[in-house]
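Structure first, commentary second.
All of the numbers you see were taken from the coordinates with simple rules; none came from a lab. Please read all numbers here as calculations on a predicted model, not as lab measurements. When we count neighbours, we look across all protein chains shown, and the Cβ atoms used for this are built from the backbone with ideal geometry, even at glycine.
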Amino acid sequence: MRNDHSAPGAMRSGAVTLVRRLHPLDWLAGGLLVLGLAAAATGLLPAGAAADQMRRIGPLLAFLATVIVLAELAGRAQVFDVVAAWVARAGRGRYPLLFGLCVVFASLTTITLNLDTTAVLLTPVMLALGTRVGIAALPLAMTTVWLANTASLLLPVSNLTNLLAADRVALSPAGLAGVMWLPQLAAIGVTAGCLWVFYWRRGRRGADRYTPPALPVPGDPVLLRICAVACVGFLLAILLLDVPLWSASLVAMVVVVAAYAARRREELRLSLVPWRLLVLVPGMFLVVETVGAHGLHELLVRALGSDDGFAGMLRSAGVGAGLSNVLNNLPAYVAGEAVIPADNHHQLLALLIGVNAGSVVTPWGSLATLLWFERCRWQGTRIDVRRFVLTGLVLSVTAVSAATCALALVT
């Protein structure tokens, strides 16, 4: 009898422990999904609209799940430790040089791949770099997340919002780059300045020089090579082949999982799957679609206006930045695009600047930021959310303003 009575108690105790371990973002993810499902179930969100949203985000969810598993297993195989050691050795013990290398590396990765890939694959590199050179992980981590967002203006591949905008204004990749090159340089320059002041300068990092590390000795050289080839193949497939992101990440993940199954099967666990993001993203899209159907469209018509001049560009960029930090940059862009007049290309590109470079204030401002938080949590790096928000607010205002002014100069 005593065992029968103790079983419910043990279950309650386990449930309480689980609840206490939940991260605030877990509560946010669960709450959004419940709200979204409730809206669909009650008819507040029409069934057709809900189904359209689920079809739209299916490939995105597949990409998120597979690329995070790929990154986690590659990290355990020491792929990122090796890359981090190369970067640290190239810095030759000098922090300003290391800072410049990290800024260029993060910017080029975001521009040529996309911001979500940067958040997933580069974050472990940066965090491993901090471990290798014996410096705080936070400056390196912040370099990744800020440039993943602010360096995503130049090419259509850099950001899904760019693909939507390029299609709307009928610009080829070269055409978009021809318009956005100066705004992109302005955004990266402002980001580098904020990074140095807030996170990298002598008073923040606490040292004048660092000792370049030796290259690490891999525990399993075969697994390291397989994972490295899979990661490189994933990046090359995105750059050179016309394939969906999710298919490239899926193939790379399957290769890595097969290698682990053959060599370190005990590492393959369900906890590798990013459950939080897979719950958050559907809930977020359902809630935003519901809000859009009940007044957001009319509100944005008044907020954005129809001025295609400089004042209208600043207004659109500001609204885009604000809305992306409240909702998320992708639904913010989609909602804003729907109300901007078809011929107002300058206003639309300013909105693009706002939702991309301005979405650095809240943890949910972009999927890249959410992915970054997930990678930091996996690596055990603590992020002070208050400091993240306050410094991100400064960057958002300055980077969006500078990039929008630069856009006005080239258009």
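How would 306, 401, 359, 271 line up from fewest to most surrounding beta-carbon atoms within 10 angstrom?
On the way: 306 12, 401 19, 359 34, 271 8.
By the 10 Å Cβ count, ascending: 271, 306, 401, 359.
Place a point 7 Å from Cα of residue 163 in the direction of its Cβ. Which residues in the stretch 21-65 have their backbone N less than 20 Å from it?
Once the point is set 7 Å along Cα→Cβ of residue 163, 51-65 turn out to lie under 20 Å by backbone N, inside the stretch 21-65.
So what are the three principal axis dimensions of the stretch 316-375 from its Cα atoms, in whole Å, longest to shortest?
Largest first, the stretch 316-375 extends 40, 15, 15 Å along its Cα principal axes.
Putting +1 on Lys and Arg Cβ atoms and -1 on Asp and Glu Cβ atoms, find which of 332, 404, 250 reaches farthest to the positive end of the dipole of the chain.
250
Taking R0 as 35 Å, what's the FRET efficiency between residue 38 and residue 172 from their Cβ-Cβ distance, rounded to 0.05? Don't jump to the answer; show the numbers that get you there.
Details: r = 43 Å, r/R0 = 1.23.
After rounding to 0.05, the efficiency reads 0.25.
What is the Cα centroid distance between the stretch 62-78 and the stretch 375-392, reported in whole angstrom?
20
Using a/c under 1.5 as the rounded threshold, could you call the chain rounded, prolate or oblate? The axes a ≥ b ≥ c are square roots of the C-alpha gyration tensor eigenvalues, and prolate needs a/b larger than b/c, oblate otherwise. Can you show the working numbers first?
Values: a/c = 1.62, a/b = 1.12, b/c = 1.45.
Here the chain falls in the oblate category.
Which residue, chosen from 162, 222, 135, occupies the Cα position most advanced towards the positive end of the dipole of the stretch 115-270, where the dipole is computed from +1 (Lys, Arg) and -1 (Asp, Glu) charges on Cβ about the Cα centre?
135
Given contacts defined as C-alpha pairs under 8 Å and at least six residues apart, what's the relative contact order of the stretch 33-410, whole-number percent?
Averaging sequence separation for qualifying contacts and normalising by length gives 25 percent for the stretch 33-410.
Using the count of nearby Cβ atoms within 10 Å as a rough guide to exposure, how do 26, 208 rank from fewest to most? Mind showing how you got there, number by number?
Values: 26 16, 208 9.
Fewest-to-most ranking of 26, 208: 208, 26.
Quick one: grab the alpha carbon gyration tensor of the stretch 127-282, order the square roots of its eigenvalues as a ≥ b ≥ c, and give me rounded if a/c is under 1.5, else prolate or oblate depending on whether a/b is larger than b/c.
Details: a/c = 2.01, a/b = 1.10, b/c = 1.83.
The shape class here is oblate.
Averaged over every viewing direction, what's the projected area of the C-alpha convex hull for the stretch 140-180? Give it in nm², one decimal, please.
Details: hull surface 11.1 nm².
Result: 2.8 nm².
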